[in-house]
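Colleague: There's a structure below that I have some questions on.
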Amino acid sequence: MKHKALPFLVSLLILFPTCFIAAQTSKDQIIAQKINAIVKQLTLEEKIAMLHANSIFGTAGVPRLNIPGLMTDDGPLGVREDVLEGWGSANSTTDSALFFPNGSALAATWNPQLSYRYGHDMGEEARARKKYVMLAPAFNIARTPLNGRTYEYLSEDPFLNAQLAVQSVKGIQSQNIAACVKHYALNNQEIERGKVSVEINERALQEIYLPAFKATITEGNAWTIMSAYNKLRGVYCSENEYLLKTILKGQWGFKGIVISDWGGTHSTVTAANNGLDVEMGSNPPYHSYYFADPLLKAVKEGKVSVQTIDEKVRRILWVMHHTTLSENPPSGSINTAAHSKTAYDIAAESIVLLKNEKHLLPLNTAKIKSIAVIGDNAIHTYHLGGFGAGVKAKYEVTALKGLENKLDKNTSIKFAQGYRAIYKAIWNTDKTEMSKADPALITEAAALAKSSELTILFVGGNRDYESESRDRPNLSLPFGEQELVDAVLAANANTIIVVVGGAPYDINKIKQQSHTIVWSWYNGSENGNALADVLTGKVNPSGKLPFTFPADLKQSPAHALNAYPGDSVVTYQEGILVGYRWFDTKKIEPLYPFGYGLSYTSFAYSDLNTNKKIYRANETIKATLQLTNTGNFSGKETIQLYINKPSSAVERADKELKAFKKVMVQKGATVEVKLEIPVKGLAYYDTQKAKWIVEPGVYKILVGESSAKIHQTTSITIE
Ligand code: BGC
């Protein structure tokens, strides 16, 4: 009987995908027919009206045919508040939203499932707010630690970025809200971002800066993408034929809309013919935009064809079909308990334990009678600040509030501000104002520390200091914080230092001075609750740094090579050696390596094996290893798998991340961890042949807890 049923099952298996593909094709055909029918009815003027902004975040629709405008909103921290022309608040009462942890916090979780939940929940909030294109996720590579938007972006590694960004896109779009992946491409600095031209070799472009964009299009199926402000090889990204037509719409088969960054369009005919679909910007009069009256004129003069215009309109209608005009869309929801739980889970998994030499953490809360909480960052909120996208958070639990919520009621908590965190940048100038160390606040803080059993000292940046549109001048802690640290540590050695930031800072001195250091982020609405749970041990920290902390800025590749910020041109001289690829290849010891983060427990790695020793190009390497929790707390560990190619025909980084997995291990338990690497993932980009090549030969597989701490190695051969 079994045997007789087999052919039937086999034919079903063959038929099922065929039926599915056929059904999908006919569905696609029906949509295409509907779109064609609409395009036929539109006048040229109506089509042009769909291709440019008519308000800060919207475009015009065609009311005559019940076609709505595109309604976009920022991301990535959550759904932005409603703003008026000039970016002032609309003072609306229905636009508060959940504040999600910043990009580098999300990356520090190394948890793609959390990235999906982030996208999913933000998508629900966008739908509730009737914003159908979320301008998120943002994931330009952290090339320099000074980039003002490092906090908004994910990491310095293309593979980690891709794994996380694809899931965010899928999450957002599960709500029939379009993700807008940004900023395509090479927006790796804010200094002169509107003018600077990136000179980069093709290999670095393909291997470092494009993979996450490619993955969000080809795997994540993102419906929209935002062109970056800067130029690539002398041509603005918003009119760059190579980026938009050859790669994005050609090689990657992108079907959606290319939206310019706000005010990032610089031509009519070139941009229209080279692949830009929609021009956005914030300043009226909108009819004089490149893609408004001048585009109408260009079509009439035959410089842009009607087919080109129709193709853009078709793309917009296609995106609308999935979003604004989708059938039976989800209803959306905002500020729900489930969304708060997602924000909490991300925050809790993002916090990085940098040092815990005296095992002061987790806090023995029952025993502590008095705690001094010191530092402005204990009471600071981060949902707004600086220039650029924020969220009008429905609520944000500060660190101090979180500790008050979570600590034993018999523990006395006293607060001293310690430093003033005033930072003002004068828009369009280099001028800034920053508060300095305040001796009176320091004296008061030191006295409080002295009279308390334990001190938790908060320092770091904030969202005024780390901001879109400008880079940080250096890595120093702002606001004279180091002076406060010195005084507080002198007053009370029993001190935990919590540094809050979205990018690397120079904490060399703190690393020398202090036995207990925790890194936290602009950690969303649930910030304080998550942090308090980590400090008290309800949550075992599992965050891992998503970028290298240099011991000195001059160690970082772009700075070591004097290849930042450029003048009108910035040349990426480090090529593929970005982040840990540079540090490891050049054998430079950073302050903290990529992937670093401690736990309250310890893990032992053993028995790394692969399912085979020799692989062909179309196969997948299946690696397994045993991970034992050898400490006293249950907890999560992120296992990182890097490859190394000895004696390659081309330059290779000492290590390249190719797989990772975050797993929970109960204390005393051992789990088997499985990691898969498709052999094609080992390819390098051959510039001469313009092709990805998997080099035959031996590859080392290195598995560890960070880029610098490898516990197990093996090797395999590619035929
Ligand atoms: C930013 C984008 C943002 C847009 C709209 C620009 O300044 O670069 O990331 O989506 O403004 O706020």
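Bear in mind these aren't lab numbers, they're just calculated from the coordinates by the rules spelled out. Source: prediction; values computed, not measured. Every residue, glycine among them, receives a Cβ derived from its backbone with ideal geometry; neighbour counts consider all protein chains shown.
Colleague: Given the chain, report the % of alpha carbon pairs whose separation exceeds 33 Å.
Modeller: Here the tail beyond 33 Å accounts for 51 percent of pairs.
Colleague: Work out the P(r) tail for segment 337-585: percent of alpha carbon pairs separated by more than 28 Å, whole number.
Modeller: Numbers: 10696 of 30876 pairs.
Here the tail beyond 28 Å accounts for 35 percent of pairs.
Colleague: Along segment 610-620, what does the Karplus equation 6.51 cos²θ - 1.76 cosθ + 1.60 (θ = phi - 60°) give for ³J(HN,Hα), rounded to whole Hz, x for Gly and Pro?
Modeller: Result, rounded to whole Hz: 10, 5, 9, 10, 10, 10, 9, 4, 8, 9, 10.
Colleague: Only bridges whose two residues both fall in segment 337-585 count here: according to DSSP, what percent of them are antiparallel, nearest 5? Display every interim value, and only then the final one.
Modeller: Values: 7 of 26 bridges.
Antiparallel: roughly 25 percent of the beta bridges in segment 337-585.
Colleague: What full-extension length gain, to one decimal in nm, is calculated for Asn632 and Val306 as 0.36 nm per residue of separation minus the Cα-Cα distance?
Modeller: Numbers: separation 326, 0.36 × 326 = 117.36 nm, distance 6.91 nm.
Going from the current span to full extension adds 110.5 nm.
Colleague: Using +1 at the C-beta of Lys and Arg and -1 at the C-beta of Asp and Glu, which of Trp427, Ala487, Leu561 has the Cα lying farthest in the positive direction of the dipole of segment 337-585?
Modeller: Of the candidates, Ala487 comes out farthest on the positive side.
Colleague: Here's something else I'd like to know. Long-range amide H contacts for Gly543: which residues qualify at under 5 Å (H placed 1.01 Å from N, peptide plane, sequence gap of 5 or more or a different chain)?
Modeller: Under 5 Å from the amide H of Gly543: Ile351, Leu353.
Colleague: When the helix-only estimate is applied to the chain (DSSP H runs of n ≥ 4, each -39,500 (n - 2.57), divided by the residue count), what is the mean residue ellipticity at 222 nm, nearest 500 deg cm²/dmol?
Modeller: Here the helix-only value at 222 nm equals -8500 deg cm²/dmol.
Colleague: Another question about this same structure. Counting Lys +1, Arg +1, Asp -1, Glu -1, what net charge surrounds Asn618 among other residues with beta carbon under 12 Å of its beta carbon?
Modeller: Spelling it out: positives minus negatives among the neighbours equals 0.
Colleague: Work out, in µm²/s and without decimals, the Stokes-Einstein translational diffusion coefficient of segment 423-491 at 25 °C, 0.890 mPa s, Rh from Kirkwood over C-alpha pairs.
Modeller: It diffuses with D of about 180 µm²/s by this estimate.
Colleague: Under a 5 Å amide H to amide H cut-off, with H placed in plane at 1.01 Å, what residues pair with Gly61 once short-range neighbours are removed?
Modeller: Gly69
Colleague: Just to check I understand the Karplus step: with θ = phi - 60° and J = 6.51 cos²θ - 1.76 cosθ + 1.60, what whole-Hz values come out for segment 291-299, glycine and proline as x?
Modeller: Result, rounded to whole Hz: 9, 10, 3, x, 6, 4, 4, 4, 5.
Colleague: Order of 110-118, 565-573, 424-432 by packing, highest average Cβ count within 10 Å first?
Modeller: 110-118, 565-573, 424-432
Colleague: Sketch the reach of a paramagnetic label on Asp408 as a point 7 Å from Cα along Cα-to-Cβ, and name the residues of segment 356-386 whose backbone nitrogen lies under 19 Å away.
Modeller: Output list for this probe position: 359-373.
Colleague: Would you mind checking the tilt of helix 2-41 against the longest principal axis of the Cα atoms of the chain, expressed as 0 to 90 degrees and rounded to 10?
Modeller: 70
Colleague: Relative contact order for segment 77-132: what is it in percent, counting Cα pairs under 8 Å that are at least 6 residues apart?
Modeller: For segment 77-132, the relative contact order is 34 percent.
Colleague: Right, another one. Please report the relative contact order for segment 337-585, taking Cα pairs under 8 Å with a sequence separation of at least 6, and give it as a percent rounded to a whole number.
Modeller: So the answer I get is 29 percent.
Colleague: Here's a follow-up. Report, in debye and to the nearest 20, how large the dipole of segment 337-585 comes out about its Cα centre when Lys and Arg carry +1 and Asp and Glu carry -1 on their Cβ.
Modeller: 620
Colleague: About its Cα centre, what dipole magnitude does segment 112-218 give when the only charges are +1 on Lys and Arg Cβ and -1 on Asp and Glu Cβ, stated in debye to the nearest 20? Kindly include the intermediate steps, with their values, before the conclusion.
Modeller: Values: 13 positive and 11 negative charges, 89 e Å.
So the dipole magnitude of segment 112-218 works out to roughly 420 debye.
Colleague: What share of the DSSP beta bridges in the chain is antiparallel, in percent to the nearest 5?
Modeller: DSSP beta bridges in the chain are roughly 55 percent antiparallel.
Colleague: Roughly how big is the chain's charge dipole about its Cα centre, with Cβ charges of +1 (Lys, Arg) and -1 (Asp, Glu), in debye to the nearest 20?
Modeller: Charge dipole of the chain: 1720 debye, to the nearest 20.
Colleague: Right, another one. Counting Lys +1, Arg +1, Asp -1, Glu -1, what net charge surrounds Gly460 among other residues with beta carbon under 13 Å of its beta carbon?
Modeller: Around Gly460, the charge tally is -3.
Colleague: When only Cα pairs under 8 Å and 6 or more residues apart are kept, what is the percent relative contact order across the chain?
Modeller: Contact order relative to length: 14 percent.
Colleague: Sort 350-358, 506-514 by packing, meaning the average of other beta carbons within 10 Å per residue, with the highest value first.
Modeller: Packing order, densest peptide first, comes out as 350-358, 506-514.
Colleague: Another question about this same structure. What residues have an amide H closer than 5 Å to that of Gln712, excluding those fewer than 5 places away on the same chain, when H is modeled at 1.01 Å from N in the peptide plane?
Modeller: For Gln712, whose amide H was placed from the backbone, the distant partners under 5 Å are Val703.
Colleague: Please state, as a whole number in µm²/s, the translational diffusion coefficient that the Stokes-Einstein equation yields for segment 72-223 at 10 °C and 1.306 mPa s, with Rh defined as the Kirkwood radius across alpha carbon pairs.
Modeller: 101
Colleague: Give the angle, between 0 and 90 degrees and rounded to the nearest 10, that separates the Cα long axis of helix 158-173 from the longest principal axis of the Cα atoms of the chain.
Modeller: Between the helix axis and the principal axis of the chain, the angle is about 60 degrees.
Colleague: Over segment 661-713, how many percent of alpha carbon pairs lie in each 10 Å bin up to the one with the longest distance?
Modeller: Result returned by the calculation: 17, 37, 28, 13, 5, 1.
Colleague: Loop-only check: which GluC sites (Glu not before Pro) in segment 230-312 are DSSP coil with at most 14 other Cβ within 10 angstrom?
Modeller: Counting only loop positions with at most 14 other Cβ atoms within 10 Å, the GluC sites (Glu not before Pro) in segment 230-312 are Glu301.
Colleague: Give me the net charge of Glu156's neighbourhood, meaning all other residues with Cβ under 11 Å from the Cβ of Glu156; Lys, Arg count +1, Asp, Glu -1.
Modeller: Surrounding charge for Glu156 is +1.
Colleague: Could I have the simple spin-label model distance between Ala32 and Ser647, label points 7 Å from Cα toward Cβ, reported in nm to one decimal?
Modeller: 5.2
Colleague: Could you derive backbone 3J(HN,Hα) for segment 709-714 from the dihedral phi with the Karplus parameters 6.51, -1.76 and 1.60 (θ = phi - 60°), listing whole Hz in sequence and x where the residue is Gly or Pro?
Modeller: For segment 709-714, the Karplus-derived couplings read 10, 9, 9, 9, 9, 8 Hz, x marking Gly and Pro.
Colleague: For the ranges 252-264, 30-42, 136-148, 584-596, what's the packing order if you count other beta-carbon atoms within 10 Å of each residue, average per peptide, and put the highest first? Show your work: numbers first, answer last.
Modeller: Numbers: 252-264: 21.4, 30-42: 13.3, 136-148: 27.2, 584-596: 19.5.
Result, highest mean Cβ count within 10 Å first: 136-148, 252-264, 584-596, 30-42.
Colleague: Along the Cα-to-Cβ line of Thr717, 7 Å from the Cα, sits a label point; which residues in segment 642-676 have backbone N less than 19 Å from it?
Modeller: Output list for this probe position: 644-649.
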